[in-house]
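The values are calculated or read from the model by the stated rules, or taken from the named source; none is laboratory data. From a predicted model like this one, the values you see are computed outputs, not experimental measurements. Cβ sites come from the backbone with ideal geometry, for glycine too, and all protein chains shown count toward neighbours. For accessibility, only protein heavy atoms count, side chains too; no ligands or nucleic acids. Shrake-Rupley method; radii C 1.70, N 1.55, O 1.52, S 1.80 Å.
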There are 2 protein chains.
Amino acid sequence: MTQFPNNLSEAIRWLSSFGASADGGVTRTLYSSSWKEAQEALKEWMNNCGLETNYDSIGNLFGRLPAINSSVPSILVGSHVDTVVSGGKYDGAYGIVAAVTALEFLKREYGYPRVNLEVVSLCEEEGSRFPIACSGSGMITGVYSFKDLMGVVDSDGVSLFNAMADVGFGLSEHDNIKRNIQRFIEIHIEQGPSLEKLNKTIGIVQTIVGQKRFRISVRGESNHAGTTLMKWRRDPMQGAVEMIYTLQKMVGACDDHLVATVGQFFVEPNTPNVIPSQIVFTVDVRHPLETALNDFCKHFTSKFQEIAKDKDLDIVIEKWHEVPPVQMDRELNEWVEDICQSNEVSYYHMNSGAGHDAQLFAHICPATILFVPSQGGISHSPQEYTSTSDLETGLKVLIQLLKRLAY
Amino acid sequence: MTQFPNNLSEAIRWLSSFGASADGGVTRTLYSSSWKEAQEALKEWMNNCGLETNYDSIGNLFGRLPAINSSVPSILVGSHVDTVVSGGKYDGAYGIVAAVTALEFLKREYGYPRVNLEVVSLCEEEGSRFPIACSGSGMITGVYSFKDLMGVVDSDGVSLFNAMADVGFGLSEHDNIKRNIQRFIEIHIEQGPSLEKLNKTIGIVQTIVGQKRFRISVRGESNHAGTTLMKWRRDPMQGAVEMIYTLQKMVGACDDHLVATVGQFFVEPNTPNVIPSQIVFTVDVRHPLETALNDFCKHFTSKFQEIAKDKDLDIVIEKWHEVPPVQMDRELNEWVEDICQSNEVSYYHMNSGAGHDAQLFAHICPATILFVPSQGGISHSPQEYTSTSDLETGLKVLIQLLKRLAY
């Protein structure tokens, strides 16, 4: 007979066994066999906890604790079941097992609620296998449509629809998987060092920051590193380096909320004794205020143009990703704050620099996301860790919030 | 019957047919079949021109016009037969065919010389197949020894000695292939834009610049691009960019002869939304004066250390290549200058920013290298080009120099 977890720590360990990698991490990309095994195991566990389970047609898994009058809309609570390649045990997983544990507890202690309480194990958030992120919450909320999934293929050329069919799901053009949701609540690891550095246990997210990502291509003229005097060079490395150096100075002059990262940098031909012909690099910029984000991006891109012109280099600036900032629900956050105060749990009002499913749900209903500390700020790594005590505190706050909302 | 070239342009075209690539360039790496075909064809051509040919045991090909008293040492004239992958028709090849053409002319016009005149088609200079450059001239001059070639393998894992054996050559530990050489003269394309920009035909090289190449590894801490505030980052990209920006400023404050190039740049993990954990980049620095080169390198490396310390980054600076500047022979250069003046050929005293076989020969005898213009300064490319008129002028100067030296 299947052995189900008895507490939160056990549940985290148990769920991480589906897709466990040799390095101690977890690889559970969308529609892989370990992904399917995890969803099936969660379904059994939810059933065992007395929840009514069902999948929608793209593989989001729901576990309902029905209201006495079940015609009312649901409060949805959960997170995503997929992971990055060689990710950690907590990212996404914690939000699901905390929700199941909370509903099991609430049912046992208080019986059936006034409104439906529903756990969701969202099929996908990371964008690790297919070049689309938050497809689970995107489809439930109608922010994404059938067309957004069409033609999407992974790096092996497998289409998202074929991968979906391989694990027994299927979406047709006229399927409607949008749901009537009253509120959405997510609990998640912070994936940053703020809570740990400030010695706080619960992060109450005000805003999920807006993001813009750019690809900057700088073209010059490749030449011999020995025979071309400096004054005769059109070296894109010189241009790119001045751009990134200037970007850093500009970031330094902004408020603390602005972050800008150059994470990717390619050189052509990338040979020690050859002046490069082309540099391509990315700039990822984030800020919780849309105007601040827009202003900064306008400013730095025009500065990049200037530097290129000054150095006689060709430049192409492409914006390939853009998400506006999203506000979390103020009323939900006030309740969380009140619960933390009543229970003497330390908390911190903060922004999320990372994207989350909660920002999709915020388009259709009051939504929020709570954080627990990430040790060393580490995530997307086998080293990802949150202490049992912090996990338990997060669960306690979640339970009390759901109790207030649904009973 | 084999058809041999009748003039310099024909000879360039003919030699470029061995290893011709679809893009109009030439690929003739050491000990490849096209390399062997080229050496064999040159041998036949040399024989046909009345030169006495022989190979040494590593595949350097010699064609001798013997002196009346053949016990005197030789004046060696030539260049290298190997090319980079998808290189041009002129680099190396011009120096060989000009030498053969010159000796054939001298024999026809003036008969046997006072000292041996010997063409050399050096087996290797580019370092394109194996990670060793100038192995042909290095072995003839004794600058390299048997041990330097031991254990050298190409990127397919083929050892240099096996590749050598495959085309019929072989060096054993006690072979002595050093030669008694009176003078070495090379003519070569400039591989830079100076002669063209200054509208001069002959470059008389004073110094082949010294080079140092460094590998700089900067380590920080990889983290989430959204959740890590700027003040909490240890981003090696920020450090590397400030270093290279500072390097450029330092180069700008030096004389025109100093060149510094960052041609290679690697990022770990190289993902747009991840703060890098490590950057590795190269710095190639060249100058004709040893003290200036040493001072500059000392200065910039200590500045890099400072920047790393200031940004709490780990840095490792490795010098992986070092060649001191080498003076070309003043007397030979004075004769060349005199010949140019007598023939109303425009000339320019310059340095070579690229390494050449002549710098190996300079260790054992008076040596020099002459340049003809490279159109657009382009080399190591199918677009490499020098006009027939410039090729012919270079040949004329070479013939007159050899006439003065050997008759």
> Seen from all sides and averaged, what is the projected area of the convex hull of the Cα atoms in segment A:255-407, in nm²?
Replying inline: 13.4 nm²
> Separation between the B:W320 and B:Y407 pseudo-spin-labels, each 7 Å from Cα along Cα→Cβ, expressed in nm?
Replying inline: 5.0 nm
>> Can you classify the protein assembly as shown as rounded, prolate or oblate using the Cα gyration tensor, where a ≥ b ≥ c are the square roots of its eigenvalues, rounded means a/c under 1.5, and otherwise it's prolate if a/b beats b/c and oblate if not?
In response: prolate
> Put a point 7 Å out from Cα along the line to Cβ at A:I132; what are the distances to that point in the other copies, in nm, shortest first?
Replying inline: 5.7
> Which single residue of chain B puts its beta carbon nearest to the axis of rotation relating B to A, and what distance, in whole Å, does that give?
Replying inline: B:Y245, 2
>> To check you understand DSSP bridge types, tell me what percent of the beta bridges within chain A (both residues inside) are antiparallel, rounded to 5.
In response: 65 percent
> Relative contact order of segment B:1-159: what whole-number percent is it, with Cα pairs under 8 angstrom and at least 6 residues apart?
Replying inline: 23 percent
>> Computing the accessible area with a 1.4 Å probe over protein heavy atoms, can you report the carbon and sulfur percentage for chain B?
In response: 46 percent
> Excluding B:K319 itself, what net charge comes from residues whose Cβ is under 13 Å from its Cβ, given Lys and Arg +1 and Asp and Glu -1?
Replying inline: +1
> If contacts are Cα pairs under 8 angstrom and at least 6 residues apart, what is the relative contact order of chain B in percent?
Replying inline: 22 percent
> Applying the Karplus parametrisation 6.51 cos²θ - 1.76 cosθ + 1.60 with θ = phi - 60° to the phi angles of segment B:95-107, what ³J(HN,Hα) value in whole Hz is obtained for each residue in order, glycine and proline being reported as x?
Replying inline: x, 6, 5, 5, 5, 4, 4, 5, 5, 4, 5, 4, 4
> Given H placed 1.01 Å from N in the peptide plane, which residues other than close sequence neighbours of B:G192 have an amide H under 5 Å from its amide H?
Replying inline: B:S374
> On the first, second and third principal axes, largest extent first, how far apart are the outermost C-alpha atoms of segment B:190-324 in Å?
Replying inline: 60, 28, 25
> Once amide H atoms are placed 1.01 Å from N in the peptide plane, what residues at a sequence separation of 5 or more from B:H287, or on another chain, have their amide H within under 5 Å of its amide H?
Replying inline: B:G210
> Taking a 1.4 Å probe, which of A:T368, A:T301, A:T291 shows the most accessible area, and what order do the others take after it?
Replying inline: A:T291, A:T301, A:T368
> Among bridges DSSP assigns within segment A:39-139, what percent are antiparallel (round to 5)?
Replying inline: 55 percent
> If you count, for each residue, the other Cβ atoms within 10 Å and average over each peptide, how do A:22-32, B:310-320, A:171-181, B:55-65 line up from highest to lowest?
Replying inline: B:55-65, A:22-32, B:310-320, A:171-181
> Tell me, what is the per residue accessible area of segment B:213-299 in Å², probe radius 1.4 Å?
Replying inline: 36 Å²
>> Which of A:E337, A:E306, A:E186 ends up with the largest GNM mean-square fluctuation for chain A, with Cα atoms connected below 10 Å?
In response: A:E306
>> At 7 angstrom along the Cα-to-beta-carbon line, where would the label on A:K147 sit relative to the other copies? Give the distances in nm, shortest first.
In response: 7.3
> By how many nm would the segment from B:N343 to B:A292 grow when fully extended, if each residue of separation counts as 0.36 nm and the alpha-carbon distance is taken off?
Replying inline: 14.7 nm
>> How big is segment B:300-382 along each principal axis, measuring the range of its Cα positions in Å and listing the largest first?
In response: 63, 34, 23
>> Which residue fluctuates most in the GNM of chain B (Cα springs below 10 Å): B:P276, B:P66, B:P382?
In response: B:P276
>> Using a 7 Å offset from Cα along the direction of the beta-carbon, what are the separations from B:R330 to the same position in each other copy, nm, ascending?
In response: 8.6
> Add -39500 (n - 2.57) for each DSSP H run of 4 or more in the protein assembly as shown, then divide by its residues: what number comes out at 222 nm, to the nearest 500 deg cm²/dmol?
Replying inline: -10500 deg cm²/dmol
> Ordered by residue, what ³J(HN,Hα) values in Hz, to whole numbers, does segment B:352-364 give under the Karplus form 6.51 cos²θ - 1.76 cosθ + 1.60, where θ = phi - 60° and Gly and Pro are x?
Replying inline: 9, x, 9, x, 8, 4, 3, 6, 6, 5, 4, 6, 10
> If all Cα-Cα distances of segment B:118-275 are sorted into 10 Å bins from 0 onward, what percent lands in each bin, rounded to whole numbers?
Replying inline: 7, 23, 22, 23, 16, 7, 1
>> Just to be sure I understand: if you take the accessible area of chain B alone plus chain A alone and subtract the pair, with a 1.4 Å probe, what total do you get in Å², rounded to 100?
In response: 4500 Å²
>> Can you work out the Karplus-derived ³J(HN,Hα) for every residue in segment B:121-138? Use 6.51 cos²θ - 1.76 cosθ + 1.60 with θ = phi - 60°, whole Hz, and x for glycine or proline.
In response: 9, 5, 5, 7, 9, 6, x, 8, 8, 10, x, 8, 10, 6, 6, x, 5, x
> What is the distance in Å between the Cα centres of segment B:344-407 and segment A:1-79?
Replying inline: 75 Å
> Going down the list B:K212/B:K298; B:K89/B:K403; B:K212/B:K303, which pairs span over 19 Å between their C-alpha atoms?
Replying inline: B:K89/B:K403
> Counting partner chain Cβ atoms within 10 Å of every residue's Cβ in A:39-48, what's the average?
Replying inline: 0
>> Checking the a/c ratio against 1.5 first, then a/b against b/c, what shape does the Cα gyration tensor give for chain A?
In response: prolate
> Under a point spin-label approximation (7 Å from Cα along Cα-to-Cβ), what is the A:N48-A:S155 distance to one decimal in nm?
Replying inline: 3.5 nm
>> Give me, ordered by chain and number, the residues 5 or more places off B:I187 or on other chains with an amide H under 5 Å from its own placed amide H.
In response: B:G78, B:L370
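State whether segment A:295-345 is rounded, prolate or oblate according to the following rule on the C-alpha gyration tensor (a ≥ b ≥ c being the square roots of its eigenvalues): a/c under 1.5 gives rounded; otherwise a/b larger than b/c gives prolate, and the remaining case gives oblate.
Here segment A:295-345 falls in the prolate category.
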>> Residue by residue through A:375-388, how many Cβ atoms from other chains fall within 10 Å of the Cβ on average?
In response: 2
>> Assuming 0.36 nm per residue, please report the length gained on full extension of the stretch A:A253 to A:R13 beyond their Cα-Cα distance.
In response: 82.0 nm
> Which percent, nearest 5, of DSSP beta bridges in the protein assembly as shown are antiparallel?
Replying inline: 65 percent
> What full-extension length gain, to one decimal in nm, is calculated for A:K309 and A:N162 as 0.36 nm per residue of separation minus the Cα-Cα distance?
Replying inline: 48.2 nm
> Using the beta-carbon distance between B:S387 and A:K231 and R0 = 22 Å, what value does 1/(1 + (r/R0)^6) give for FRET efficiency, to the nearest 0.05?
Replying inline: 0.30
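If you take every residue apart from A:E52 with its C-beta less than 12 Å away from the C-beta of A:E52, what net charge results, scoring Lys and Arg +1 and Asp and Glu -1?
+2
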